[in-house]
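Read through the structure below, which is laid out as C-alpha cells, and then see the notes.
Since every read-out is calculated from the coordinates, none of them should be taken as a lab result. Quick caveat: nothing in here was measured; it's all calculated off a predicted structure. Here Cβ is always computed from backbone atoms with ideal geometry, including for glycine, and neighbour counts include all displayed protein chains.
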Amino acid sequence: MRRFSLLLLLLINVFYIASFLTGFETSITLNSFWSIFFILSLCIAIFYLSRSRKNPYLLIAVFATTISSLGAYGFLHFIANFMG
C-alpha cells in the first residue's frame, strides 16, 4: 500500500511538471489544490523517509519531484502576481 501511494504521488507530481512545461499559461497549473497537495506530499515523503532505512530511492524521487513541483508552482504564482 505504501509503495502504491508513493507511486501515485510521484505520477501526480510528474504530471504537474509536464503540464507546467508544456502549457505555461493554462489555469490548471495555478490552482490552490496544488499547493495543498504539494505540502501534503512533502510531509508524507519526509515521514516515510524518516521511518524507512532500506531502499529509499522511491522516497527520494517523490521528495525531489515534490520540491521541484512546489518550486514551479511558486515561480508561476510569483510571475502571475508580478505581471498582474
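Backbone phi angles across region 39-51, fed through the Karplus curve with coefficients 6.51, -1.76 and 1.60 (θ = phi - 60°), yield HN-Hα couplings of 5, 5, 5, 5, 5, 5, 5, 5, 4, 5, 5, 6, 8 Hz in residue order; Gly and Pro are listed as x.
With contributions of -39500 (n - 2.57) from each DSSP H run of at least four residues, the per-residue ellipticity at 222 nm computed over the chain stands at -28500 deg cm²/dmol. Coupling constants for region 4-9 follow from the phi torsions by the Karplus curve (6.51 cos²θ - 1.76 cosθ + 1.60, θ = phi - 60°), and in residue order they are 5, 5, 5, 5, 5, 4 Hz; glycine and proline get x.
Taking F33, F63, F15 in turn, the Gaussian network model of the chain (Cα-Cα springs below 10 Å) assigns the largest fluctuation to F33. Taking the Cα of S19, stepping 7 Å toward and past its beta carbon, and measuring to each backbone N in region 44-84: which are under 18 Å? The answer is 65-78, 80.
In plain terms, the chain from S68 to N81 could stretch by 2.7 nm, reckoned as 0.36 nm per residue minus the Cα-Cα distance. Comparing N55, N13, N31 in a Gaussian network model of the chain, where Cα atoms under 10 Å apart are tied by springs, the biggest mean-square fluctuation is seen for N55.
Once each of the trypsin sites (Lys or Arg not before Pro) sitting in a DSSP loop with at most 11 other beta-carbon atoms within 10 Å is removed, the chain keeps 1-52 as its longest stretch. GNM remark for the chain: springs join alpha carbons under 10 Å apart, and the peak mean-square fluctuation among F20, F38, F47 falls on F47. A simple spin-label model places the labels of S50 and R3 2.5 nm from each other, with each point 7 Å out along Cα-to-Cβ.
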